[in-house]
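The next block holds one structure in the form of structure tokens; read it before the comments.
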Amino acid sequence: MIPGFANRRQFKDLSEQEILALAISSEEDDARIYRQYAHMLRDDYPASAAIFDGMATEEDGHRQRLIDLHTQRFGDVIPLIRREHVAGYYARRPVWLVENLSLDSVRGEAAQMEHDAQRFYENAAKRVTDAATRKLLGDLAAAEAGHADRASELTEEHLDKDAKEQEDDAAHRQFVLTWVQPGLAGLMDGSVSTLAPIFAVAFATQNTWTTFLVGLAASVGAGISMGFTEAASDDGQISGRGSPYKRGLSAGVMTTLGGLGHALPYLITDFWTATIIALIVVFVELWAIAWIQNRYMQTPFMKAVFQVVLGGALVFAAGALIGSG
């Protein structure tokens, strides 16, 4: 017996009153989720927050009509039955799991919510034989489809072209601050700062395995250090740079990858072959950094190339000179 599933009811075993009660609780939950979305988005995306406020109001209206129908048919006492009580019923992700999603992802979650509910009611209606129950499920499916249409109307009402452009710009800016900026800093640190120790060991020992181990240690160590530093330096509350965990992950992973790029070629046993490939990788890394700076940070491309290539060349020269001496 699987814990947590033993006491679940099968949908086919629910009475019409229980199906109606389940629909009422589901509409109530969805309204609360939409209001939470609106609360999460209000400061940065007020137009989208207004859309979710409107969708929550729509859910309240459907819930009230369902309650009126229940009162008319079964009385004032509504059975307590929720999604988690029914086996196979569609689930909702906890709001705390989507708090850090992008604006487009939140919109997608909302669309999926409506689609799941509509599809469930339509499939359920096909499986029942009682005419009244089939009609009830069909009405609920139509109501969910109406929610999707209403969401489109609310989008047109609150999210005009200018508002959408403003919110898209804000979402892009947040993406840059949360992911691109710390990732770029990590890639630069991993690609440039590890050049000196890796190539110093390479030219000093001309032992590819030793060079690889030093490069691996330097890359992983720098990644861990960079990740923790980024996450601990700013919780994002005042600066608005987003989740410290996301920023730390981005910085740490990119730092490690930046160092590993020119460490992995030293798995090749021939020293000069490994070194030539490592230099090619370094060249690619530095151009990638310049491209990212130009693409996301609006740094003029030639300026970015000059800064990155000059810095990388100086660090490489330092490592090679120290190792050769």
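For the reader, a short list of remarks on this structure follows.
- Pairs are defined by a Cβ separation below 6 Å, a sequence spacing of at least 6 or placement on different chains, a first member in region 219-248 that is of a type in the set (S, T, N, Q), and a second member that is in a helix (DSSP H, G or I) and modelled with pLDDT of 75 or more; the pairs so defined are Ser219/Thr256; Ser219/Gly259; Ser219/Leu260.
- The residues of region 299-320 that are β-branched (Val, Ile, Thr) and in a helix (DSSP H, G or I), listed by number, are Val305, Val308, Val309, Val315.
- Matching residues in region 115-139 - criterion: being surrounded by 15 or more Cβ atoms within 10 Å (Cβ to Cβ) and either among the basic types (Lys, Arg) or free of Cβ contacts under 8 Å to residues at least 12 places away in the same chain (or both): Arg134, Asp139
- Screening region 267-276 for residues that are assigned to a helix (DSSP H, G or I) and out of contact with any Leu (no Cβ under 9 Å at 6 or more places or on another chain) and picking the one that is surrounded by the fewest Cβ atoms within 10 Å (Cβ to Cβ) gives Trp272.
- In the set (1) modelled with pLDDT of 75 or more; (2) assigned by TED's automatic domain parsing to the domain that holds Gly248, Leu140 fails one condition alone, (2).
- Residue count for region 26-50, restricted to those that are polar (S, T, N, Q) and either surrounded by fewer than 20 Cβ atoms within 10 Å (Cβ to Cβ) or in contact with a strand residue (DSSP E or B) (Cβ under 8 Å, 6 or more places away or on another chain) (or both): 1
- Only one of Ile33, Ile24, Ile2 that is at pLDDT 85 or above and either closer than 30 Å to Arg247 by Cβ or part of a loop (DSSP other than H, G, I, E, B) (or both): Ile33
- Set Ala320, Ala313: member being out of contact with any Asp or Glu (no Cβ under 7 Å at 6 or more places or on another chain) and crowded, with 17+ Cβ neighbours inside 10 Å: Ala320
- Among the candidates Leu260, Leu286, Leu267, the residue that is more than 22 Å from Pro182 (Cβ to Cβ) and either of a type outside the set (Lys, Arg) or outside the structural domain of Val192 (by TED's automatic domain parsing) (or both) is uniquely Leu267.
- Set Ser219, Ser233: member being out of contact with any Cys (no Cβ under 7 Å at 6 or more places or on another chain), surrounded by fewer than 16 Cβ atoms within 10 Å (Cβ to Cβ) and small (Gly, Ala, Ser): Ser233
- Boolean, Ser191 is hydroxyl-bearing (Ser, Thr, Tyr), in a helix (DSSP H, G or I) and modelled with pLDDT under 80: no
- Only one entry of Arg295, Arg247 meets the criterion of being buried (at least 21 other Cβ atoms within 10 Å of the Cβ) and of a type in the set (Lys, Arg), and that entry is Arg247.
- Any hit, region 233-248, residues being in the same structural domain as Gly190 (by TED's automatic domain parsing) and modelled with pLDDT of 85 or more: yes
- Checking region 107-129 against the condition returns no match, with no residue being assigned to a loop (DSSP other than H, G, I, E, B), at pLDDT below 65 and under 23 Å from Arg9 (Cα atoms).
- Number of the exception - Asp44 against (1) within 29 Å of Ala132 (Cβ to Cβ); (2) not in a helix (DSSP H, G or I): (1)
- Taking the criterion of being of a type in the set (A, V, I, L, M, F, W, C) and assigned to a helix (DSSP H, G or I), the residues of region 283-298 that qualify are Phe283, Val284, Leu286, Trp287, Ala288, Ile289, Ala290, Trp291, Ile292.
- Some residue of region 194-202 being surrounded by fewer than 20 Cβ atoms within 10 Å (Cβ to Cβ) and in the same structural domain as Thr178 (by TED's automatic domain parsing): no
The values are calculated or read from the model by the stated rules, or taken from the named source; none is laboratory data. Being a predicted model, the structure only gives us computed values, none of them experimental. Every residue, glycine among them, receives a Cβ derived from its backbone with ideal geometry; neighbour counts consider all protein chains shown.
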